Amino acid sequence: MGDIQDVETITINALKELNSFLLVDVRESHEFANGTIPGALTLGRGFLEIELKNRQIELDHPIVLFCASGLRSKYAALGLIALNFVNIYSLEGGFEAWKAGGNSVEQPSTILSQTEKNRYARHISLKDIGLHGQLKIMKSKILVIGAGGLGSSCLLYLTAAGVGEIAIVDHDIVDLGNLQRQVIHNETMLQKKKVESALHTLKALNSGIKIKIIDVAINTKNIQPILEDYDIIIDCTDNFNARYAINDAAVKANKPLISAAVQQFTGHVMARTQPYSPCYRCIYPEAPPTTLSPSCSENGVVGIIPGILGLHQANEALKIILNIGDTLDGKLFKLDLLNNKYQLLETKRRTDCLCHNQ
């Protein structure tokens, strides 16, 4: 390895004139308390080579490294030069000089700690998510209504993904018959409130997120104020009355809504993300007779089905947060796992829909 005197430096003024470069903060995570330079990747020296490889940075792409004072960044630069990077700079004076010069500083609230980087590394390495996308996930607020079969897998993976705040609505008690499909609960939680059982499980999975429990049965009178504070609404309920109440309130508040339903070996999931997109009532204007829509307890359900559909709901929520991919807005995804049949159907807004004619 060469000498740090051989590392090319760049002044703050020259940095401001540089185009198409990658700016990297190689300080340790505890040093981020005072902020960083806006737009910088906060990698630390330990993650530097791995992150550049994951991002497929070209060997001749301009990279500017900085630390607190400009010394450690030179050693980090030597490491990259040894890996055949040829356009590496160390910022003169580092972050201390940047801050002393009265330049703008990005505050810690928008910075991931090293622990968070380790936890969400597989997200951060994805081009469609990255550091910025993970921050968006961590700032999002999602309301999940129902902590049963659909809600179990949905809640577990939203929590694992790092959603900043999750509210869980349910008014039921855990019983033994739930455990065949409601994997968020376990035998030690029998006869406990489902919201309390879910809270216990999710906090053990990810203690860094905020979880609120709401122990009520959803109806047309209480739903509107409950959903007002959340970015996305996920309907994991198992009856038409609740689904209509949630749908109507989400349409009125113009909130993205992701709905799902299951029966035996089949199920479907849909989303409504835009004001003029078809809603749940556009597809099901009226609830069918109970003889045609028996509950899971009456007609049965394979435990895997709500797990899969709940995962689809969680995935749709992440795509909406990140504004990536093709969502299920205006579509109905149906699956039949007994016969391995899958359908993606286009849905249309009904001109006579009660929601759109209020």
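Please treat every number below as a calculation from the coordinates, not as lab data. None of the values given here were measured: they were computed from a predicted structure. Backbone-built Cβ (ideal geometry, glycine too); neighbour counts: all protein chains shown.
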Of the candidates G149, S104, V86, the farthest towards the positive dipole end of the chain (Lys/Arg Cβ +1, Asp/Glu Cβ -1, centred on the Cα centre) is G149
Within 10 Å, count the other beta carbons around each residue, average over each peptide in 149-159, 319-329, 229-239, and list them highest first.
149-159, 229-239, 319-329
Fewest first, what order do V24, V216 take by the number of other Cβ atoms within 10 Å?
V216, V24
Among A14, V183, N323 - extreme Cα towards positive end, dipole of the chain, charges at beta-carbon
V183
For the chain, with +1 on Lys and Arg beta carbons and -1 on Asp and Glu, the positive-most of I223, I37, G307 along the dipole:
I223
In deg cm²/dmol, rounded to the nearest 500, the helical mean residue ellipticity at 222 nm of the chain, built from -39500 (n - 2.57) for every DSSP H run of length 4 or more, is -10000 deg cm²/dmol
Sorted from fewest to most neighbouring beta carbons within 10 Å, what does the list S259, S140, S69 look like?
S69, S140, S259
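With +1 on each Lys and Arg Cβ and -1 on each Asp and Glu Cβ, how big is the dipole of region 9-101 about its Cα centre, in debye rounded to the nearest 20?
Values: 8 positive and 10 negative charges, 18 e Å.
Charge dipole of region 9-101: 80 debye, to the nearest 20.
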In the list (1) 173; (2) 192; (3) 229, the entry giving volume of the Cα convex hull per residue in Å³ computed from the coordinates is (1)
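Sorted by mean Cβ packing within 10 Å, highest first, what order do the peptides 71-83, 113-125 take?
On the way: 71-83: 18.8, 113-125: 16.2.
My ranking of the peptides, most packed first, is 71-83, 113-125.
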Per residue, how big is the convex hull of region 167-311 when only Cα atoms are used? Give it in Å³.
119 Å³
When the Karplus curve 6.51 cos²θ - 1.76 cosθ + 1.60 is applied with θ = phi - 60°, which whole-Hz ³J(HN,Hα) does each residue of region 115-124 get, with x for Gly and Pro?
4, 5, 5, 5, 5, 9, 4, 6, 6, 4
Total charge dipole magnitude, region 115-346, about the Cα centre, Cβ charges on Lys, Arg, Asp, Glu only, Debye to nearest 20
620 debye
